[in-house]
1. Could you list all residues from segment B:173-191 that are part of a helix (DSSP H, G or I), within 13 Å of residue B:203 (Cβ to Cβ) and under 27 Å from the mean Cα position of the chain (by Cα)?
2. Could you identify the single residue in B:379, B:375, B:401 that is surrounded by 14 or more Cβ atoms within 10 Å (Cβ to Cβ) and modelled with pLDDT under 90?
3. Residue B:63 fails exactly one of the following numbered conditions: (1) touching a residue at least 60 places away in the same chain (Cβ under 8 Å); (2) in a helix (DSSP H, G or I). What is the number of that condition?
4. Out of all the residues in segment A:36-55, which are more than 8 Å from chain B (Cβ to nearest Cβ), in a strand (DSSP E or B) and over 21 Å from residue A:104 (Cβ atoms)?
5. So residue B:135 fits all but one of (1) in contact with a helix residue (DSSP H, G or I) (Cβ under 8 Å, 6 or more places away or on another chain); (2) assigned to a helix (DSSP H, G or I); what number is the exception?
6. Would you mention how many residues in segment A:56-66 are in contact with a helix residue (DSSP H, G or I) (Cβ under 8 Å, 6 or more places away or on another chain) and either more than 13 Å from chain B (Cβ to nearest Cβ) or within 19 Å of residue B:388 (Cα to Cα) (or both)?
7. Within segment A:94-103, is even one residue at pLDDT below 90 and either over 19 Å from the mean Cα position of the chain (by Cα) or within 21 Å of residue A:131 (Cα to Cα) (or both)?
8. Among all residue pairs at least 6 apart or on different chains, which show Cβ distances below 7 Å where the first residue, located in segment B:369-390, is more than 7 Å from chain A (Cβ to nearest Cβ) and the second is exposed (fewer than 13 other Cβ atoms within 10 Å of the Cβ) and in a loop (DSSP other than H, G, I, E, B)?
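The values are calculated or read from the model by the stated rules, or taken from the named source; none is laboratory data. Note that the coordinates shown come from a computational prediction; the quantities given were computed from them, not determined experimentally. Here Cβ is always computed from backbone atoms with ideal geometry, including for glycine, and neighbour counts include all displayed protein chains.
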């Protein structure tokens, strides 16, 4: 059920992110979610795309440093405590969250959390058991 | 099988070597003063007479010769024997300016070839070996030098010259060469071909003598593994004779300089001051007994270190480290000598590509040095901490190599210009020499 996020090395300088967005558009790669971890000279751009394998190939060919990284996508219902439930479940099993970010699917009118944790298979197992709906790569593709 | 080609001289005591050097130097200075008007004028200008040179302690009184002198004196200005007594000319490749030509009498050729024979024996060769020489033959000293050394030793010599890899491999297999002599990059290429064509079990190579260009320990390791041999470094320059001025022994830890023929000094490249053994500086050679082209205190521009540490091979001659750079490339940052080649070595051994850019700047009267290096898929991680840890390891390694802190700036791939030939590795923004 796990998903592949693409982690991309980008220099921390004006225009770098714009150039990356332009390349995604040129190669018709649709971004579902994006998050940035920045450092002084560079940043790691983390993106969820429809076809991570094809996107990795294309981006590497055009000179980007790309690493597919396994993450877990979890549905969060639109009610108080939904995220807390996820975090508590993981914490009980001693699973650490390295980082997380959210995105919303317009079509399905649902919010999702992307979770990168210290134990991806473990995360899938405990969240599944606790009733959280997990999403796979196929489910984020809008049928349009 | 002897461990040495000329055991008595190669294992002579320090006192014996100094006695030989003293005697030869006094004679040589007189010979040069009397026969080379160009150098006589330099000595006169400095107020030094041949009789002032009584021992090697007086060597530092003599003026230096540089590559510029060689160009100015081209072609016959430094010749010390009538052409009728010369038997050979060799020449440098001359990447900048005019070519340098060097002249040899038969005596000079003999001593050069003996030096190469010493190198071959130090690499484990004897008369039963088949020595495949694939250095270029001609004006370049590589081919003729090792060819001559192999003859002196009585080994069977394969004068292949460079190129024609198919034929090199065929002879290597059919004639069962045991010693390979070529540039390290060609050795690496041959090694690749041997393995690609599945010839590894069909070759009999046991040793290689690789010189005439810079190579790293990693490259040595790769070649040794790929061919199943021991790879030895050899150093030389046409101005002083050719390959064999110094050579590696079984220790593979520095190259023994043939001190009965050449005196090595290390100087501060800026001030010309002679530095003690163990300090890093420019290598200077004095040829003690060459007749036709006897250079005194010739500045090689190679930066290196001498070591008088006892060598387990039994040879007593001083060892020089692999040259770390050229004095022309040297940067002085916060008073410390920095060579791009040192930075390159650190990058490679830490897993980064050798394509880099050094930026030196000065702000508020303090120098800073930044090394830009390209990120690779191997060195990248989704985890910032991992990248930072690798970066810190690189910064620490640079600090321990250079003695000063250098900042590391990781940049996107292919953003540092690849150059054809000589790479532009340094941007110095300090404008120290601008009026």
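1. Those that are part of a helix (DSSP H, G or I), within 13 Å of residue B:203 (Cβ to Cβ) and under 27 Å from the mean Cα position of the chain (by Cα): B:187, B:190, B:191.
2. Just one listed residue meets the conditions, B:401.
3. Every listed condition holds for residue B:63 apart from (2).
4. Once the filter is applied, which keeps residues that are more than 8 Å from chain B (Cβ to nearest Cβ), in a strand (DSSP E or B) and over 21 Å from residue A:104 (Cβ atoms), segment A:36-55 yields A:38, A:43.
5. Going through (1) in contact with a helix residue (DSSP H, G or I) (Cβ under 8 Å, 6 or more places away or on another chain); (2) assigned to a helix (DSSP H, G or I) one by one, residue B:135 breaks only (2).
6. 1
7. yes
8. B:378/B:351; B:379/B:351
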